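Contents: one structure, followed by commentary.
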Amino acid sequence: MSRPVLYYVRHGETDWNRAARLQGRRDTSLNARGREQAICCGEILRALFARNGQNPAALDYVASPLKRARETMEGMRAPLGLSPPAYRLDPRLAEMAFGDWEGLTLAEVAMRDPDAFAARERDKWTFVPPNGESYQQLSVRVGEWYASLRRDSVVAAHGGTARALMVHLGIVLPATAPRLSIEQGVVYGFEPGSMQVFAEPAAAQASAAV
């Protein structure tokens, strides 16, 4: 039986993104650019669903409970003609916890805790920040969430969550996933073993595939 298609959006930009600070579970908000990116993703989805003959209301909509993901989901739903707040939250989609490192840049981490920083550089998949979690641990809860899906879904979540999901779906390997750049302002199409990136609202054309 075929598995549901995921239309996955990383939350829009925050001021901490711009400053390259580790957000993790910190409940940051979108900035002006991030709000524009959310609307753009809604326009991409509207064009994509029109091209595919899909009714936007027939899909499931689920977001991480963190504010930046909720604001992104609500910004996306307006161009689709859907009530902004009418979507589900799932804590399993929350960003990877960086623990004591949250609020710091990686340069600051390297200065404060060079040994731990070096250990992370050697193996980003299994490394656990102080009082945080690893990508490996994140992949367990993301996998449990994916197993619960029953229909095509639009997701607003995080970069770390996307990397863990891509490993679970067999798109990338654990060794390479943590180094992938997950863009803001685009829509990722995820299925087992394959990925597309939709970045053009006018035609919702796939700009890349794996």
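Observations on the model:
- Filtered by the rule that a residue be surrounded by 23 or more Cβ atoms within 10 Å (Cβ to Cβ) and either among the hydroxyl-bearing types (Ser, Thr, Tyr) or touching a residue at least 60 places away in the same chain (Cβ under 8 Å) (or both), the range 163-187 gives 164, 165, 187.
- Residue 19 being out of contact with any helix residue (DSSP H, G or I) (no Cβ under 9 Å at 6 or more places or on another chain), aliphatic (A, V, I, L, M) and modelled with pLDDT of 95 or more: yes
- Pair list, Cβ < 9 Å and 6+ apart or interchain, from the range 127-140 residues that are more than 18 Å from residue 92 (Cβ to Cβ) and without any contact (Cβ under 8 Å) to a residue 12 or more places away in the chain to residues that are surrounded by fewer than 16 Cβ atoms within 10 Å (Cβ to Cβ) and of a type in the set (Asp, Glu): 127/121
- Among residues of the range 51-67, those that are out of contact with any helix residue (DSSP H, G or I) (no Cβ under 6 Å at 6 or more places or on another chain) and assigned to a helix (DSSP H, G or I), counted: 5
- If the condition is being of a type in the set (D, E, K, R) and farther than 16 Å from residue 26 by Cα, then the range 50-82 contributes 51, 60, 74, 77.
- Where strands (runs of 3 or more DSSP E) fall wholly inside the range 93-210, the ranges with 3 or more residues that are of a type in the set (A, V, I, L, M, F, W, C) are 153-157, 194-198, 206-209.
- In the range 8-32, of all residues being within 27 Å of residue 60 (Cα to Cα) and among the acidic types (Asp, Glu), the one that is farthest from the chain's Cα centre (by Cα) corresponds to 27.
The values are calculated or read from the model by the stated rules, or taken from the named source; none is laboratory data. These numbers come from a predicted model, not from an experiment. Methodologically, a virtual Cβ is constructed for each residue, glycine included, from the backbone with ideal geometry; neighbour enumeration extends over all protein chains shown.
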